[in-house]
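The values are calculated or read from the model by the stated rules, or taken from the named source; none is laboratory data. Only a predicted model underlies this, so the values are computations on that prediction, with no experimental measurement involved. In this analysis, Cβ positions are derived from the backbone assuming ideal geometry, glycine residues included, and neighbour counts consider all displayed protein chains.
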Amino acid sequence: MFLDEKFLFGFSESGFQFEMGLPGSEDPNSDWWIWVHDRDNVFAGIVSGDYPENGAGYWDLYKIDHGIACFLGMRIARLGIEWSRIFPKPTLDVKVNVSIDESGDIVSIDISHKAIEELDKLANKQAVSRYMEIFKHWKESCGEKLILNLYHWTMPTWLHDPIKVRNMGPEKAPAGWLSKTTIVEFAKFAAYIAYKFNEVVDAWSLMNEPNVVYMGGYMGTGFPPGIINSHYMLKAASNLLEACARAHDSIRLYSKKPIGLIHAIIWFEPHQVEKPEDLEAVDKAKTYWQLGFIDALTKGVSIFTGNVEKKHLKNKLEWLGVNYYSRHVVKYQDNALGYKPVHGYGFTCGSQVSRDGRPCSDIGWELYPEGLYYSLRELWTRYSLPILITENGIADANDSLRPRYIVSHLKAVHRAIREGIEVQGYLHWALTDNYEWSSGFRPRFGIVEVDYSTKKRLIRPSGLVFKEIAESGFSILDELEWGVGF
């Protein structure tokens with residue numbers, strides 16, 4: 001077991017979505033801050049008009065939240081650390097040796113101890129100190145394990161200004177993942193964080209859902225920089241892969257703890273199977289969304305490497321985090337990706353009930369717990385890596401569907417474990433309500449309700465269902481209803 005001999009229940013959080021809320025907790029130095037405050041984005045409906053500085057306030061109220069998590073039987077947390085808080089000012093002048101191969105890939109980055117000392121001088125010591133307080137409090141109060149995630153979609157504005165990229169083009173603005181510079185700076189950031197926080201961390205996550213970054217940012221408009229360009233998508237994916245590999249190597253300079261990746265996992269199904277293209281659409285969707293990225297960091301070859309083996313990307317994962325919410329039903333389409341979702345199912349439910357007659361969340365995501373089991377089986381067969389469920393939850397303000405959601409998805413996990421799949425924990429998204437990116441505060445994912453005006457917390461009934469399972473183990477699932485498909 002890579003973390004513990006027993007199955008662990010817990011929660012996941014990111015910095016940008018949970019930290020802000022009380023005076024002094026603001027972080028105006030990230031690309032997402034610029035994105036959600038942009039007036040044009042608000043006017044066009046690209047973002048909600050809600051602002052993260054009015055959020056749940058975890059930066060100041062973490063002791064309260066940890067106490068609630070302990071009461072609910074949670075013993076593992078996946079927490080984030082905001083790059084823009086640690087380095088609000090550029091680290092570009094801290095020199096490191098970068099090796100580039102004949103194809104232009106960054107294959108190694110030599111980060112000396114002198115470079116770490118220089119980074120330490122530039123770091124925001126107040127932010128470093130507060131994060132250490134938060135992490136130690138979790139470990140010392142009741143948390144048995146801490147997973148620290150290095151990147152959850154946000155980066156400093158000195159590396160990425162999405163509004164300038166959209167308006168001026170990536171050649172004339174800080175271009176984020178379209179720039180090789182970001183790979184080098186992320187490796188430096190990873191080395192510094194490992195150097196500072198290794199003592200309190202049990203496992204590292206390189207990134208959370210990089211697939212959402214390259215697909216959402218360059219094949220849609222709601223995610224910064226909101227450019228639809230398949231060439232940019234492939235370039236961003238390639239740079240994200242190199243960044244993961246080089247960050248892995250950087251962490252290894254200062255830590256022997258397990259290193260993994262957290263990925264958005266969707267179960268893809270064909271709308272109908274009448275011709276080969278119908279199954280090819282499913283394969284292409286899986287490849288672009290998830291398997292291609294993980295393949296590259298395990299086997300060194302995938303669609304994102306041009307199907308050529310790149311040894312400098314190989315064997316960079318020791319565990320895999322699965323963020324699962326629903327499915328996509330797809331069909332073939334002659335476009336850049338070779339598929340498109342069929343509306344009325346999965347993430348495109350769009351109503352209270354899907355075309356299959358299944359209930360859907362407040363934001364139109366269909367309950368499909370079978371997809372979690374199918375995904376776990378596929379990932380285990382393909383990679384044989386230990387797995388954590390690092391996100392699973394539902395937007396459900398009335399808490400009418402969440403008890404069913406939790407029970408049915410944990411039944412899917414239990415079925416996978418009975419069949420020999422090494423799933424070591426379940427981390428719910430989310431402990432408290434949170435700022436849900438472009439959607440703002442409308443989606444309510446917490447098993448703990450937050451009154452954003454007062455910051456008061458109230459455990460929802462689904463939280464008590466979670467507590468009963470976490471404290472009693474999987475055996476109690478046999479006594480509970482809502483085991484759809486299981």
Considering segment 366-385 alone, what residues qualify as being in a loop (DSSP other than H, G, I, E, B), in contact with a strand residue (DSSP E or B) (Cβ under 8 Å, 6 or more places away or on another chain) and surrounded by 21 or more Cβ atoms within 10 Å (Cβ to Cβ)?
-> L367, Y368
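Can you tell me which of A77, A69 is of a type in the set (A, V, I, L, M), in a helix (DSSP H, G or I) and either surrounded by 23 or more Cβ atoms within 10 Å (Cβ to Cβ) or in contact with a Phe, Trp or Tyr (Cβ under 8 Å, 6 or more places away or on another chain) (or both)?
Selected residue: A69, the only one of A77, A69 that is of a type in the set (A, V, I, L, M), in a helix (DSSP H, G or I) and either surrounded by 23 or more Cβ atoms within 10 Å (Cβ to Cβ) or in contact with a Phe, Trp or Tyr (Cβ under 8 Å, 6 or more places away or on another chain) (or both).
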Report yes if G344 is crowded, with 22+ Cβ neighbours inside 10 Å, more than 17 Å from T287 (Cα to Cα) and either at pLDDT 95 or above or over 20 Å from the mean Cα position of the chain (by Cα) (or both), otherwise no.
-> no
Return yes when A77 is at pLDDT 95 or above, in contact with a Leu (Cβ under 9 Å, 6 or more places away or on another chain) and of a type in the set (A, V, I, L, M) and no when it is not.
-> yes
Go through the residues of segment 94-103 one by one and say whether even a single one is in a helix (DSSP H, G or I) and touching a residue at least 60 places away in the same chain (Cβ under 8 Å).
-> no
Name the single residue, out of those in segment 1-40 being acidic (D, E) and outside any loop (DSSP other than H, G, I, E, B), that is nearest to the chain's Cα centre (by Cα).
-> D31
Qualifying positions in segment 160-196 - surrounded by fewer than 24 Cβ atoms within 10 Å (Cβ to Cβ), touching a residue at least 60 places away in the same chain (Cβ under 8 Å) and over 23 Å from H263 (Cα atoms) = D161, I163, R166, P170, T181, Y195, K196
Could you list, in sequence order, all residues of segment 41-56 that are among the charged types (D, E, K, R) and in contact (Cβ under 8 Å) with a residue 40 or more places away in the chain?
-> D50
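Yes or no, residue by residue, for (1) of a type in the set (S, T, Y); (2) surrounded by fewer than 18 Cβ atoms within 10 Å (Cβ to Cβ); (3) at pLDDT 95 or above; (4) farther than 30 Å from A296 by Cα:
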site	(1), (2), (3), (4)
D105	no, no, yes, no
D110	no, yes, yes, no
S129	yes, yes, yes, yes
G143	no, no, no, yes
L150	no, no, yes, no
M155	no, no, yes, no
Kindly indicate whether any position in segment 232-250 is touching a strand residue (DSSP E or B) at 6+ places or on another chain (Cβ under 8 Å), within 23 Å of Y373 (Cβ to Cβ) and surrounded by 18 or more Cβ atoms within 10 Å (Cβ to Cβ).
-> no
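Anything in segment 20-39 that is out of contact with any Leu (no Cβ under 9 Å at 6 or more places or on another chain) and more than 16 Å from A127 (Cα to Cα)? List them, or say none.
Across segment 20-39, the qualifying residues are W32, W33, I34, W35, V36, H37, D38, R39.
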Would segment 112-122 turn up any residue that is modelled with pLDDT of 95 or more and part of a loop (DSSP other than H, G, I, E, B)?
-> yes
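Table: residues versus (1) small (G, A, S); (2) out of contact with any strand residue (DSSP E or B) (no Cβ under 8 Å at 6 or more places or on another chain); (3) farther than 25 Å from T454 by Cα.
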{"site": "N54", "(1), (2), (3)": "no, yes, no"}
{"site": "G57", "(1), (2), (3)": "yes, yes, no"}
{"site": "Y62", "(1), (2), (3)": "no, yes, no"}
{"site": "L72", "(1), (2), (3)": "no, no, no"}
{"site": "R78", "(1), (2), (3)": "no, no, yes"}
Flag for F466 being modelled with pLDDT under 95 and closer than 25 Å to I262 by Cβ = no
